[in-house]
Structures are given as C-alpha cells and as structure tokens.
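K.L.:
Got a structure for you, written out below as structure tokens; questions coming shortly.
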C-alpha cells in the first residue's frame, strides 16, 4: 500500500498480528446519551457509521457498565443481556462494511455513580457524586471481575472487534489502583501489588474468556493530577503487569474527573500530554494511543512522526467533523470543521443529562435527522441574502449553499466571525479562528459570495436587497450601554473596544481595572488582560507555560506539585455584579470552575450586590450590600453589562414586504449563546 502523500504516518496501517487497523485514527470514547436505551441503537448506528464512512480506523463507543451497580446514572447503559447483543449486531455489521474497527468501552463508575446503590473499594465519597459508596465485600469484587469478562464476551458476540476497559479518570478500576481511594487491608488493597490485582484479574479473565484474537484496550492513567496520585514508577509497574495479563493496546488517560486541572478545555495547548505517553511507550512493547486536545491532522501526524505514540485519539474532533480522516487523507485539511474545545454541546450536555451534540456541528448525534435534510436539494432554488457574518450568518449561508440556493453574505466590517472573532482574541480561545477559517473556506468553495464592508441600512436596503427572494437577518449584538454618571469618561471602555485595543496594541492594561459585570464576557476580558502578552502576540500558550500555570510536574507523585503557588498578577482587577450568584454566570458546567480558579489564583476580586454610583477619575464608586459608599480604585473601567440585539433592519424589511428570518443574537441577545445561534441558523436555512 502506497504511503499517503500528506500524512504518511497517520495513514499507515497498524498490524496487531490477528487483525489490522487501517490507519492510526482512533475515535475516542465519548458518551452521547444514545448508549443508555436500546431503542436508540439505530441512531447510535448512524452516528458511528458516519464516522466510519469518514475513514476513521478504530472507533471506541461510549461507556457501558459490566453490571447493574456500575451504571453512571440510574438509567445508564450496561452490556449484560442477549437483547443488547442482538440490538448491536446491526451497528457493528454496518461499521465493518467500511473496513473500520469498533470496540465497546466497559466502564464501571464505582464511586462516581449518580445513583444511591454505588459501590467502591472503600467507603469514601467523591467530590462529584452526591452519594457515599458502599464498600465492596470480597465476593462482590470477585463477581465484578467476572462481570467484566462476561460483558466483553457479549461484546464479541455482538460483533465488536474488542473492548476498551476503562481503568482511568477515577472510575472503579482506577479507584482500586490508587491508595487515595483504596484503604482496604484484604487481598484487594494495601500494597501496590494488591491494588493492581483488581485490574490485572479483569484483563486476564477477560482474555481467557474472549480468546487471543480480540482487541483489549486498557485506558490507563498516565498522570493523575490529584494529591496521593501514582508515581511514574508505580504506573509503569502497573502497565507492565497489564501487558503481561493480555492487553493489546494502551490508551492514555490524563487526570481524575475530580482533579482541579483542566485537561481538555480550550485553554489546554494542543497535544499537551503526548510527551507523557511517549515516556511510557519507550518502556513497553504494547502500542499506545495518545489523547487530549489533538484536533488537527498536523498535530496528530507530528505525534506519530516523533514516535510519541502508535495511534492518536480524537473524540470531540470527530463530533465536529465526521469526515475528518477522509479530508486529511485527501489533503483537504482546510475543509475540516475544527473542534474548538468549548464543551458547550458535548460534555456540558452529558453532565446535564442531555444528549450530546456539537456547537459547530449540530448534526452530531442527530445524523438521521439532519443529514438527509442537508443532502436534499431544495425544490426551488432561491437567491438569499445573509446580513451579518457572525456564527449564525455563516452557518445559515453554509446550509443554504448545501441545499442548492444562491447566497450572498453582507458583512459591514472588514472581517468575518462576529462574536467568534472577539472570542478568538482571548488567550486559550485561539481555536475559534479555526471555525471562521472553515466557514469562509466552505462558503467560497460552494460558490457563495462574501461582501465585506457592505452595511445594509434602512436607506439602502430596498436597492441592495431588491433581487433577493429571502433575507437571513443575522446582525448579532452590540454591548449594552450602562446608564451611569461619568460613563462618558475616556477611561471607560466597552468590552468590545477594550478587547480589540488590547489585541492590536492600541490599549495597554492599567495597574487597576474595574469590570462592570461578571458573566462569561467579563471572565474572558479579565483573562485577556491577565495574559495580555499572549493577547498582543496572538500566540497560544506553550505546553511548558501551561504546565507551569497549573503546577503540573510529571516527575512528582500524581504529576502535581501540591505546594505550588502560582504568582499573582501585578494588574489588579475587580469584577462587580449587581446580584447574588457565581462568577462567570453562563459559562459551561465543565469549564467554569477552571476559569474561576484561574482568576482567583491571579488575585482577581469579585464583588456581589454592587450598586453602581458613578465613574470618576479615581475609579468606580459603588454602594455595597450594606449601603455603604465605596471606591473601587481604577484607571480603566470596562463595561460587560450584557448585549442588545442589532435588529433594527427587521422593521424596514417587514414594511417592504420582504421575506426574511431572524437568527442568533439579532433574534435574542441574552447571554451570548453560539450554540443556540448556530442551531437556529441551521433550522431557519433548512426551511427555505
């Protein structure tokens, strides 16, 4: 087989002896919510099949429990019945027609379960579950091991090529291995060898039950990032014991779910943990998968080229673009819809007991609903004007073009992206530029026209839009003005003006800054100020800077310097809000804590129940909760007090009898919500 001209390492097959994986792409395990009911298997099939058609070499499903007690939620999925075997057979058959492989993940949640019958090696409550677990008696430990082996055999009968045994991220197997959560004194706890035994018995009994020609992936924690985590030496001994027990492939696990270190959020540099994988790969004979924040073919190819891993796992990137591998193979990386690691529609949905999707790809996990609509040309081709080139407008244009319409996008400024463009100026959100790049490329490739610095107003709308059959109004939002004495002082900036000035170097941060507002935009603005060197250079943090920010020390126990105190910023920032509530209201559930922690460690103050009184040259005067007048010293005041819709043109369109739709921020400002805006744009465009 000839090597791929663009990414030769990514598209080299991996021979496992008894089977071959056609390339080095792994679609990593990610729960969607479709796993929990057998009635959703058909939807799950379409979800995986679209990725298999897109060329991925190996798929790993979301987690299924090996027994009743191990379910993540009361309604969580398990793989214990003949009904599951029969239902999944059509799924695996469909995937195999594409020559992709698929493995079922077996995950026992242990003390991470969200139901009252949870069990664990010891009676120690986790930080993320409301329930205290029951300590497993020895007979239950033994039967659970057999349950893993039985579930793996069920997966084999269902046509799966293998299973991934989840031994990382703080789930049950990891709980047995770690002295942090295993306080037993019997044969399953105490010494390192006894704490390893639960995992090695699962692997050896599973291997004995499924035979040699079946893939056994073990997801092993290479970096715990918690106090009393494992050392490199302990984990290496563990991996060698698992290798001897019958593991086919190791998958890299990074961090416990309760770790206070971001590991997959947008602030994490791309491929930040591949060097950790490399250290273990050098000591073992079993293939390794690198994982976490690998979202471009260039990053993936580099990891393989440097010999840091044998395969690369992309979970959320295959949500964002099911055809990722296919496009990379054809040398069309610019056509890949890049994952921006926002977590808003994937992990935030799952932790909120909703079905997962993707902010930049609403079709994810709803392929059976959306893909036929996108593939079907409209019965009547129309000329459509899209006014405003933010996320909503660009996505509306893209869907319209796919449906066969003629599309012109009018953008009043010299740049695309709207609020995404602003977001991309914030250090840690540089990947938002990738979305703008993708939307622009696809619109132009499909024949759409983008007109820059073309403002549509009441005065010129009639003439400019005369030849269009329909108008999509996606003019977005503008910062809400604050009615306050002194607000016209030149030391006062809207968040938009300040971010742009910080980005182009025309504004320098003052020593003391007051921010009116404490929502997501205020948090982003504070972050851009605290990391203003990166804001100005437009360069993301390096792996070394990120490790230093969070006290990550791979050579220490748990990979964490527990005594590390990050330096405080010399810039004093105060965030203020009128009401009660947490800092960063509106931020996603799975990332808000990291943003709050960063601001707190940087010395940012947060004042609630502030009544804004006046801006003077000394700063911002407020009344506190007790009604006392107080000065917040500041040489700069930034307003982040929400947004208002820019939809004045709607009235003109209505008066002129023009057919139009309003989407995104133009329809509803509120807290900025790109997920809602993009989905609205898709739905509106499909109706035309």
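K.L.:
Given an 8 Å cut-off on Cα distances and at least 6 residues of separation, report the relative contact order of region 481-637 as a percent. If you can, show how the numbers build up before the last one.
P.N.:
Numbers: 245 pairs, mean separation 49.5, N = 157.
Computed value for region 481-637: 32 percent relative contact order.
K.L.:
Now, a different point. Rounded to whole Å, give me the distance from the Cα center of region 386-412 to that of region 325-366.
P.N.:
Region 386-412 and region 325-366 have Cα centres spaced 20 Å from each other.
K.L.:
Let me ask you something else. With an 8 Å Cα cut-off and a minimum separation of 6 or more residues, compute the relative contact order for the chain in percent. Could you put the intermediate results ahead of the total?
P.N.:
On the way: 1537 pairs, mean separation 81.3, N = 688.
Across the chain, relative contact order equals 12 percent.
K.L.:
Another question about this same structure. How far apart, in nm, are the 7 Å Cα→Cβ label points at residue 648 and residue 375?
P.N.:
4.6
K.L.:
On to the next question. How high is the FRET efficiency from residue 467 to residue 629, r the C-beta distance, R0 60 Å, rounded to 0.05?
P.N.:
Working: r = 60 Å, r/R0 = 1.00.
Given R0 = 60 Å and the Cβ-Cβ separation, E is 0.50.
K.L.:
I want to check the label-to-label distance for residue 213 and residue 132. Put each point 7 Å from Cα in the C-beta direction and report it in nm to one decimal.
P.N.:
5.2
K.L.:
Also, quick follow-up: What's the center-to-center distance, using Cα atoms, between region 9-78 and region 136-171 in Å?
P.N.:
That distance is 16 Å.
K.L.:
Need one number for the chain: average projected area of the convex hull over its C-alpha atoms, nm².
P.N.:
For the chain, the mean projected area of the Cα convex hull comes to 31.3 nm².
K.L.:
Compute the distance in nm between two label points, each set 7 Å from the Cα along the Cα-to-Cβ direction, one at residue 258 and one at residue 86.
P.N.:
4.1
K.L.:
Counting each DSSP H run of 4 or more residues in the chain as -39500 (n - 2.57), what helix-only mean residue ellipticity at 222 nm follows after dividing by all residues, to the nearest 500 deg cm²/dmol?
P.N.:
Working: 23 runs with 229 residues, N = 688.
Taken over the chain, the calculation gives -10000 deg cm²/dmol.
K.L.:
Given R₀ = 41 Å, FRET efficiency for residue 548-residue 305 by Cβ-Cβ distance, to 0.05?
P.N.:
Step by step, r from the Cβ atoms, then E = 0.95.
K.L.:
State the extension gain, in nm to one decimal, for the chain segment bounded by residue 16 and residue 510, taking 0.36 nm per residue of separation less the distance between their alpha-carbons. Working shown, then result.
P.N.:
Working: separation 494, 0.36 × 494 = 177.84 nm, distance 5.90 nm.
171.9 nm is the gain from fully extending residue 16 to residue 510.
K.L.:
For residue 333 and residue 351, compute 0.36 nm times the residue count separating them, minus their Cα-Cα distance, and round to one decimal in nm.
P.N.:
3.3 nm
K.L.:
Which values of log₁₀ I(q)/I(0), to two decimal places, follow from the Debye formula for region 64-175 at q = 0.13, 0.22 Å⁻¹ with a uniform point scatterer at every Cα?
P.N.:
The calculated log intensity ratios at q = 0.13, 0.22 Å⁻¹ are -0.50, -1.12.
K.L.:
Another question, if that's okay. Quick check for you: which residues of region 175-193 have the amide N under 12 Å from the point 7 Å beyond the Cα of residue 236 toward its beta carbon?
P.N.:
Within reach of a label on residue 236, which here means backbone N under 12 Å from a point 7 Å along Cα→Cβ, region 175-193 contributes nothing.
K.L.:
Turning to a different aspect of this structure: Please compute the contact order of region 33-167 in relative form: average sequence separation of alpha-carbon pairs under 8 Å and at least six residues apart, divided by the residue count, as a percent.
P.N.:
27
K.L.:
How much of the DSSP beta bridge set in the chain is antiparallel, as a percent to the nearest 5?
P.N.:
20
K.L.:
Here is a follow-up. Answer rounded, prolate or oblate for region 481-637, using the Cα gyration tensor with square roots of eigenvalues a ≥ b ≥ c: rounded when a/c is under 1.5, else prolate when a/b is larger than b/c, else oblate.
P.N.:
Details: a/c = 2.23, a/b = 1.58, b/c = 1.41.
Prolate shape, in that a/c is at least 1.5 and a/b is the bigger ratio.
K.L.:
Can I ask one more? Answer rounded, prolate or oblate for region 219-365, using the Cα gyration tensor with square roots of eigenvalues a ≥ b ≥ c: rounded when a/c is under 1.5, else prolate when a/b is larger than b/c, else oblate.
P.N.:
oblate
K.L.:
Pop the C-beta distance of residue 96 and residue 460 into the FRET formula with R0 = 35 Å and round what comes out to the nearest 0.05.
P.N.:
The computed FRET efficiency comes out at 0.05.
K.L.:
I would also like to ask the following. Between region 213-257 and region 445-492, how far is it from one alpha carbon centroid to the other, in angstrom?
P.N.:
53
K.L.:
When a footprinting reagent is the concern and you count Cβ atoms within 10 Å, what order do 24, 500 take, fewest first?
P.N.:
500, 24
Values in this text are rule-based calculations from the coordinates and carry no lab data. Here the structure is a predicted model, which means the values were calculated and not measured. When we count neighbours, we look across all protein chains shown, and the Cβ atoms used for this are built from the backbone with ideal geometry, even at glycine.
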